[in-house]
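As structure tokens, the structure follows; a few thoughts come after it.
The values are calculated or read from the model by the stated rules, or taken from the named source; none is laboratory data. Everything quoted here is computed from the prediction, not taken from an experiment. FYI the Cβ positions are ideal-geometry reconstructions off the backbone, even for glycines, and counts take in every protein chain you see.
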Amino acid sequence: MLPAMGTDISLFEWMGKDTDKVGTWDNGNPDGNMDGHFRIDLFLPDPTEIKSVLLYTADENAHPVGGQFWDTATTNYYILGVFDQGTQLYHNHVPSLGTFSGDMQFDLYAADSGWFEKGNWFGIEVTLEDGTKITRLTSIGEPFIGPSESPSGQLGNPDVDGKSKIEGILQGDSKSSGSEDQSPDQEDSGTAIFDSWNTGAVDNSPTCSPILTISKPHMITYIDTYHWNFGQGTASGGSISLQNGDGEIFGPWPVETESASGVANAWWIARPNEVIPEGNYIIIDSQPETWSQNSESPCGLTKVEGYPVQADPATKDDTEGQSESKGTVRAYIAVDGQCDSPIEILTSGCDEGLPDIPVELTFTYIPPAYSDSTPDTLREMTDENGMAYFKDVPAGSKFILKTAVKTMEKVQEGSMPDPAGDVYFSFDYRCKGSYPEEERKRLEQIAGVGPDGRITGIVTPVCGMEGVICSPECSLYPL
């Protein structure tokens, strides 16, 4: 029996040493020591049993090195704790995690053996019911984003924009609101520097403003807010901004919206990609009357991601401390394959990997005033893995990327940090289906776990099925 086509780990990332969930050996209970926390996004187009998940120390080619292993299976390794929507699946090694389908996100916790240090690489290996092993790679401080050949020989398609699902945020541990500077252990590509999300019931209208404090300039890559609004969501998205103690406002930045458990436009996401100086900032949402809050986070549920930079080229007139380093912008195009119908796209495996369809991207950048470089516009075609590379972009440059599959144009803006490094973007043209609210509620009511441990009653919403709502991208296919 072959695994369902399209089965893939779309994201594997390091979250930090942020809580205590498991112990050592076969102890799946807290032991008083902070654990290493990872997260994976897994897509299972059909109900599939997950036999085990193995975490291990690796080299850059995903080969095991160092002899450190954490496992869910009945082995002599330390236990690997797996949490689904905040619920721990087991407290001892088990022969199987159960049967799952659709988009799944798991939080993984491993007892610290001294290896959760910046620069170390880790592999994750998910074993399915038929013995198929799907592997991904990440590192602490240098996140893996982009296609990678795994030890099992499977080429996976990453979710390179690093965007979390709303369910993934809500399934994490409750975190206290407040600010914290990024520690040396955190990733340089944008990790949480403020997080007031929690799993409690929510009300509207925060009673205070969340305050972000940073002790050095930061590139702000991501800000989200939650608008459950008593199950009504919002009519459309608004904007998010930051205001410092002098009243200076950064933004407002427009948001993209996503549904949360079937509620339209409940999750607001801004991607500023802008450097802000050190200081104290309040987070401003343009629609506070629908912004979610509760007793644990009375100032509103929100998350800010970013990373420290050595200087803020946008606010300095002199060149002292500025660098002439150059970096690379990597753009990833995710599209479905060549199929005869939308149903085939999601059921026959056409969306596994990229078809041999090159896509052109237009890249325009404006260097900072202190740079000797001049503005330029570049054009690149994606390679066989759906990647395009724009090299030698000066530190501090502002840039814009544009691309189109058929006539659907998508645009993203960003900036190159100082010192320069690798910056990643993705354009998602995949066809997706979703249930209308009434159908989703009906399916949730009849869902359950059978005596064999299999989840029943939930069917993956495939575009083309009766009653399923298709995303706008579905009109592009067959390519």
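Against the conditions (1) crowded, with 17+ Cβ neighbours inside 10 Å; (2) closer than 28 Å to Tyr332 by Cβ; (3) out of contact with any Pro (no Cβ under 6 Å at 6 or more places or on another chain); (4) not β-branched (Val, Ile, Thr), Asn61 satisfies every one except (1).
Please verify whether Glu125 is modelled with pLDDT of 85 or more, of a type outside the set (S, T, N, Q), surrounded by fewer than 16 Cβ atoms within 10 Å (Cβ to Cβ) and assigned by TED's automatic domain parsing to the domain that holds Val22, treating the condition exactly as stated. No, not satisfied.
Scanning the stretch 362-414 for residues that are among the hydroxyl-bearing types (Ser, Thr, Tyr) and at pLDDT below 85, we see that the one that is surrounded by the fewest Cβ atoms within 10 Å (Cβ to Cβ) is Thr407. The listed residues are Phe69, Phe12, Phe83, and the only one of them that is under 13 Å from Val126 (Cα atoms), hydrophobic (A, V, I, L, M, F, W, C) and out of contact with any Pro (no Cβ under 6 Å at 6 or more places or on another chain) turns out to be Phe12. For the stretch 240-264, a residue qualifies if it is part of a loop (DSSP other than H, G, I, E, B) and touching a helix residue (DSSP H, G or I) at 6+ places or on another chain (Cβ under 6 Å), and exactly one does: Gly262.
Scanning the stretch 247-285 for residues that are within 24 Å of the chain's Cα centre (by Cα), farther than 25 Å from Phe399 by Cβ and among the small types (Gly, Ala, Ser) yields Ser259, Ala260, Ser261, Gly262, Ala264, Ala266. Within the stretch 384-418, the only residue that satisfies the criterion of being without any contact (Cβ under 8 Å) to a residue 12 or more places away in the chain and not in a strand (DSSP E or B) is Thr407.
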